[in-house]
1. Beta carbons within 10 angstrom, averaged per residue: use that to sort the peptides 48-58, 307-317, highest first.
2. Can you tell which of M199, V211, S247 lies farthest toward the positive end of the dipole of segment 105-372, using +1 and -1 charges on the Cβ of basic and acidic side chains (Lys, Arg; Asp, Glu)?
3. Would you mind getting the Kirkwood hydrodynamic radius of segment 105-372 from its Cα pairs, rounded to one decimal in Å?
4. Rounded if a/c is under 1.5, else prolate if a/b beats b/c, else oblate: with a ≥ b ≥ c from the C-alpha gyration tensor eigenvalues square-rooted, which is segment 206-355?
5. I'd like to compare 271-280, 161-170, 284-293, 442-451: which one has the highest average count of other Cβ atoms within 10 Å, and what's the full order after that?
6. Given H placed on each backbone N at 1.01 Å, which residues far from F257 in sequence or on other chains put an amide H within less than 5 Å of it?
7. Using only the alpha carbons of the chain, what is the convex hull's orientation-averaged projected area in square nanometres?
8. Could you compute Rg(Cα) / (2.2 N^0.38 Å) for segment 103-249, with N its residue count?
Amino acid sequence: MPKTISESLQLVILQAVARFPDSASIDEIGVALDHTVPRRTLQRRIAMLVCENRLIPESEGRGRRYRLPRPEREAVTSTPVTGGIRYSPEAEAIRDRVALPISSRKPVGYDRAFLDRYRPNESFYLTAEIRAYLASLGAVPDVRLPPGTYVRQVLNRLLIDLSWNSSRLEGNTYSLLETERLLEFGENAEGRNVREAQMILNHKAAIELLVEAGSEIGFNRYTLCNLHALLSENLLSDPQACGRVRSKGVGITGTVFQPLYGPQVIDECFEQVLHTADAVEDVFEKAFFVMVHLPYLQPFEDVNKRVSRLAANIPLIRANVCPLSFVDVPEQDYTRGILGVYELTRVEFLRDVFVWAYERSCARYSAVRQSLGEPDPFRLRYRQELADMVSTVVRGRLDKKAAGSLIQRLAFEKANGSDRSRLVEVAETELMALHEGNIARYRLRLSEYQVWHATWH
């Protein structure tokens with residue numbers, strides 16, 4: 001397995017070099033890549049390719065350039081890519097087996113030994129090389145920032161991306177633009193099932209829970225059950241099942257896998273999954289572990305995969321690294337990865353989907369953060385106070401004069417010395433910049449904003 005991620009990244013580098021008719025410098029190669037790769041990582045991979053005679057260096061020093069030998073160029077430019085994801089031989093074998101007709105696949109049940117065999121920080125689904133690679137993509141420069149800082153910087157974009165992509169993987173037919181209008185303006189798309197709008201709105205509420213409680217959430221019953229309750233609101237035939245571990249059997253269409261049955265053993269395994277996930281130290285291994293074992297266990301009557309996709313973001317949010325939004329992940333590929341876990345207890349196909357999905361997420365949110373610049377430490381320190389000020393003004397329907405008086409008073413209560421005047425300035429700036437597209441950060445409803453907006457202006 002260690003060869004998989006090396007081959008994946010090295011092939012991407014070769015494809016980047018192939019875009020240049022003659023040769024390319026390391027800077028040109030870096031720009032041509034679809035996602036950001038740390039320069040040292042890029043240098044190491046290029047050196048490996050040179051040693052393997054898959055890249056030919058030209059000149060020396062700063063002017064050094066690289067070109068492909070003719071056989072390598074022909075191989076790289078003719079290599080097909082399925083859905084943009086490069087699969088290892090192990091993953092391809094899984095794909096072939098789960099693609100067989102259901103009548104040709106052997107029925108299987110839940111294998112508890114699959115969970116029992118996993119030993120936190122001793123067993124790994126992701127190799128050390130994969131974990132290091134993902135860490136190099138998702139890390140932020142300042143590790144001293146509080147948990148959730150990264151995700152708050154890209155929250156407006158993440159709410160739309162993750163709500164849409166996770167819903168899309170469940171067969172939701174809303175387009176990205178329709179999702180954006182639903183979340184920002186409350187407009188349902190014409191001709192769409194009302195359940196689809198509910199699914200997307202539920203995602204938004206669940207994501208906001210993860211972001212707002214970034215330092216408190218974890219792999220415990222409270223977090224996972226509340227996550228399920230938000231994601232399943234108004235979607236289950238039995239409302240009492242929202243946020244509760246199931247006590248009856250369930251079936252899954254399109255697979256020969258039969259989930260575990262028996263309330264007591266389901267509850268035991270659910271606790272075991274949570275304790276195991278909590279004990280895993282590496283954030284990417286932890287995220288992938290829950291993507292594997294929550295759907296496999298099916299602890300809830302429905303909505304299990306949605307819970308797993310959002311729960312995979314818990315360690316990423318807490319570690320203050322790039323979140324995972326499943327942008328561009330093909331529905332068929334994700335389904336095949338899940339079927340590989342269900343029917344074969346094999347993770348390689350889903351692993352390759354996970355790695356590629358994280359590459360895509362990092363590329364997207366790196367661009368968003370660069371456009372935003374580095375976070376203002378003052379705003380970060382007074383984040384909650386600013387949110388309280390803005391929401392109080394809006395919900396109180398205060399005009400500019402009344403808002404100014406309130407902000408002065410609250411700043412005196414919440415800050416000391418020179419911070420008070422700065423807090424007033426920032427709070428007033430936040431109010432002036434408030435619009436329908438950013439009210440989610442203050443936990444405001446669109447109706448509250450619209451009534452206040454009329455008074456304000």
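Throughout, read-outs are computed from the coordinates displayed, never taken from laboratory work. Note that the structure is a prediction, hence the values are computed from the model and not measured. Note that we place each Cβ from the backbone using ideal geometry, even for glycine, and neighbour counts take in every protein chain shown.
1. Sorting 48-58, 307-317 by mean packing, highest first, produces 307-317, 48-58.
2. Comparing the listed Cα positions along the dipole, S247 ranks first.
3. Numbers: mean 1/r = 0.0534 Å⁻¹.
Computed over Cα pairs of segment 105-372, the Kirkwood hydrodynamic radius comes out at 18.7 Å.
4. Because its axes are fairly even, with a/c under 1.5, segment 206-355 counts as rounded.
5. Working: 271-280: 18.0, 161-170: 22.4, 284-293: 25.7, 442-451: 14.8.
Packing order, densest peptide first, comes out as 284-293, 161-170, 271-280, 442-451.
6. V108
7. Average projection, Cα convex hull of the chain: 26.4 nm².
8. For segment 103-249, the normalised Cα radius of gyration is 1.28.
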